[in-house]
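Peer 1: Could you have a look at this structure, given as structure tokens, before my questions?
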């Protein structure tokens, strides 16, 4: 696997959402861009197709704090080739990831398993020394041309944020949700007066480094069960929070 280590800037909004959002973007099949989180700041820059995508840490619930040392940046790699092309068994997952999770083959809303990927994440201090490591399993689901990602891990790197809103409780499991709109702009882009208003109001989160100006909506849903952390990530999909919650129910009930 290769790594991309990229720097940049980010407005201040919930940290873990940006971390997981970065992973989601980096693993979209047709994109050629990477991210790195440095002190809660982000920059988006191109990288060559075929290299492993840059990514960042797993999210946790907004009510639970988790920290490993003093982490200044979170980087990692995800292979562009699927680790699993068919549903792995619990034994296979336990052998490869040291934790167990049962995978849903197809959700009631039509999203079907489309591959499982291994992600290796590292937390670095200000001197780029590795202070924490995590090996994660990302499951891709497709319905037509739409894709959604489910990330699972038994170890969290970084800290959670209380701004992640708990939207449902299923049994004793708290489910949290956050969505945001990102406006991607070129490196030399100068914010207009309207942009400054939108940034200040929180309408858009600006990220620099794209070839053109484009807006994307990202949705994130997370929960924890039996020491394993889960999160759904969706970009520009016509899927509601309630739809994602229903999908979470199916994963929880399957385990």
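The values are calculated or read from the model by the stated rules, or taken from the named source; none is laboratory data. No experiment lies behind these values; they were computed from the predicted model shown. Note: ideal-geometry Cβ built from the backbone for every residue, glycine included; neighbour counts use all protein chains shown.
Peer 1: Among the residues of the range 105-113, is any free of Cβ contacts under 8 Å to residues at least 40 places away in the same chain and part of a loop (DSSP other than H, G, I, E, B)?
Peer 2: There is at least one residue in the range 105-113 that is free of Cβ contacts under 8 Å to residues at least 40 places away in the same chain and part of a loop (DSSP other than H, G, I, E, B).
Peer 1: Could you identify the single residue in 108, 125, 91 that is touching a strand residue (DSSP E or B) at 6+ places or on another chain (Cβ under 6 Å) and either more than 18 Å from residue 221 (Cα to Cα) or modelled with pLDDT of 85 or more (or both)?
Peer 2: Matching residue, one of 108, 125, 91: 125.
Peer 1: Quick check on the range 237-250. Is at least one of its residues outside any helix (DSSP H, G or I), touching a strand residue (DSSP E or B) at 6+ places or on another chain (Cβ under 7 Å), more than 12 Å from residue 177 (Cβ to Cβ) and free of Cβ contacts under 8 Å to residues at least 60 places away in the same chain?
Peer 2: No, the conditions are met nowhere in the range 237-250.
Peer 1: What number goes with the only condition from (1) assigned to a loop (DSSP other than H, G, I, E, B); (2) at pLDDT 95 or above; (3) touching a strand residue (DSSP E or B) at 6+ places or on another chain (Cβ under 7 Å) that residue 99 does not pass?
Peer 2: Of the numbered conditions (1) assigned to a loop (DSSP other than H, G, I, E, B); (2) at pLDDT 95 or above; (3) touching a strand residue (DSSP E or B) at 6+ places or on another chain (Cβ under 7 Å), the odd one out for residue 99 is (2).
Peer 1: Output the qualifying pairs, or none if there are none: Cβ atoms under 8 angstrom, residues six or more apart or on different chains, first residue in the range 116-134 and on the phi > 0 side of the Ramachandran plot and surrounded by fewer than 13 Cβ atoms within 10 Å (Cβ to Cβ), second residue in a strand (DSSP E or B) and modelled with pLDDT under 85.
Peer 2: From residues that are on the phi > 0 side of the Ramachandran plot and surrounded by fewer than 13 Cβ atoms within 10 Å (Cβ to Cβ), the pairs are 128/73.
Residues are listed down the side, and each one gets a yes or a no for (1) in contact (Cβ under 8 Å) with a residue 12 or more places away in the chain; (2) under 20 Å from residue 153 (Cβ atoms); (3) part of a strand (DSSP E or B):
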| position | (1), (2), (3) |
| --- | --- |
| 180 | yes, no, yes |
| 195 | yes, no, no |
| 198 | yes, no, no |
| 215 | yes, no, yes |
| 222 | yes, yes, yes |
| 230 | yes, yes, yes |
